[in-house]
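Take a look at the structure set out below.
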Amino acid sequence: MSADSAGSAAAHERLAALVSPVVLGAGYDLEELVVTPMGRRSLLRVVIARDEGISLDDIAGMSHAVAEVLDDEEGVIGKAPYVLEVTSPGVDRPLTEARHWRRAIGRLVEVAVVTARTPQGSDSAERVLRGRVAGFDGTAVTLSIDGVEHLLPLGDLGAGKVQLEFNRPEESVDRQRPQRQHKAKKGKGVMNNPRRTPLRGGQVKPDDALPSAEEK
């Protein structure tokens with residue numbers, strides 16, 4: 001590992017150590033924490049989720065909470081201006097954790113399933129299934145395919161992919177994934193931070209549908 005890579009990893013660990021307790025303490029899961037260079041400033045993207053779903057009020061509250069922590073620890077993401085974006089997972093988020101499958105109940109998904117293993121325990125064969133998540137008991141996913149339910153152990157599943165549906169069963173209202181950004185501009189700081197000023201109100205991307213399982 002190069003010195004730059006090691007330094008970047010250490011910086012990310014420090015950032016996660018600051019942000020994670022704030023997110024978890026408020027009752028959310030921290031799904032993603034990414035810093036992306038954007039010319040002379042950086043984008044800090046914080047992705048949160050919970051079983052009850054994420055609203056614009058949740059995004060606004062978490063944006064202020066995370067911003068306050070970053071203000072108290074100035075320099076943790078560098079001295080350059082930055083943009084803080086707090087958002088919820090999009091429909092394209094892969095289903096890799098137990099909580100993801102629990103929140104995907106009712107969604108149409110595609111997933112690779114292991115059908116055979118070698119004596120050493122490695123995967124030797126798999127097939128791709130497409131069906132609706134009918135249930136999840138913590139250890140296995142119930143997938144309904146053409147009206148027939150299949151119980152699939154979580155350990156046999158690859159990363160599931162939620163399929164985009166325009167007319168989903170039992171859903172008449174389209175919902176969008178909320179997000180909020182705090183822009184960084186020198187000389188116009190808030191909360192004692194001269195490197196960051198907030199946008200007015202939350203922003204919603206109309207093309208990012210929020211999975212209904214996130215709203216349960």
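Going by the conditions given, is residue 31 in the same structural domain as residue 66 (by TED's automatic domain parsing), of a type in the set (Asp, Glu) and surrounded by 14 or more Cβ atoms within 10 Å (Cβ to Cβ)? For residue 31, the condition - in the same structural domain as residue 66 (by TED's automatic domain parsing), of a type in the set (Asp, Glu) and surrounded by 14 or more Cβ atoms within 10 Å (Cβ to Cβ) - is met.
Scanning the range 48-75 for residues that are out of contact with any strand residue (DSSP E or B) (no Cβ under 7 Å at 6 or more places or on another chain) and more than 17 Å from residue 25 (Cα to Cα) returns 72, 73, 75.
Only one of the listed residues (4, 72, 51, 58) is of a type in the set (D, E, K, R), at pLDDT 95 or above and either closer than 28 Å to residue 154 by Cβ or over 16 Å from the mean Cα position of the chain (by Cα) (or both). That residue is 58. Inside the range 74-114, residues that are over 30 Å from residue 11 (Cα atoms) and assigned to a strand (DSSP E or B) make up a count of 7. Considering the conditions (1) under 27 Å from residue 152 (Cα atoms); (2) touching a helix residue (DSSP H, G or I) at 6+ places or on another chain (Cβ under 8 Å), residue 112 is excluded by exactly one of them, (2).
The values are calculated or read from the model by the stated rules, or taken from the named source; none is laboratory data. Fair warning: this is a prediction, and the values are worked out from it, not measured in the lab. Virtual Cβ from ideal backbone geometry, glycine too; neighbours counted across all protein chains shown.
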